[in-house]
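All of the numbers you see were taken from the coordinates with simple rules; none came from a lab. Please read these numbers as outputs of a predicted model, since none were measured by experiment. FYI the Cβ positions are ideal-geometry reconstructions off the backbone, even for glycines, and counts take in every protein chain you see.
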Amino acid sequence: MSLPASTTTATQYAIHAVSSIPRDTDGPVFREPWEAQAFAMALALHARGLFSWPEWAATLADEIKRAQAAGDPDTGETYYRHWLATLERLVVEKGVTSSESLTRYFEAWDHAADRTPHGEPIELRPGDFQQK
């Protein structure tokens, strides 16, 4: 399956602008599906003008430095965790959402995952947002 031209172009631009993206000769590589989803979210937010690639790269570098200072061994296995932290940081800094809202959805998602049988799709329900 090939990617739409706009996605391919955006991916190529991101690879050029953010040199640390794990990749092979075919493009970005991901260990887990969520990593590809985080990558796609960053492409979509950039396309909507939320941030520039230089801004993204600087924020990502800062997130990686923070993680290293906190003991991340920087083996490459946590790269997309830094990518996700960068996404979260930028959407809060740009006023798209609040850190409280991100936390609320994280906890709701965790609750929904706990009640969902393995292999079944996770669905958020209003009760997942209730305080623990």
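Derived scalar couplings between HN and Hα for segment 98-105 equal 10, 5, 5, 5, 4, 5, 4, 5 Hz in order, rounded to whole Hz, by the Karplus curve 6.51 cos²θ - 1.76 cosθ + 1.60 (θ = phi - 60°), x for Gly and Pro. If a/c stays under 1.5 just call it rounded; otherwise compare a/b with b/c (prolate if a/b is bigger, oblate if not). Do that for segment 43-132, with a ≥ b ≥ c from the square roots of the Cα gyration tensor eigenvalues. In terms of gyration-tensor shape, prolate.
The order of the peptides 38-45, 90-97, 114-121 by mean Cβ neighbours within 10 Å, most packed first, is 38-45, 90-97, 114-121.
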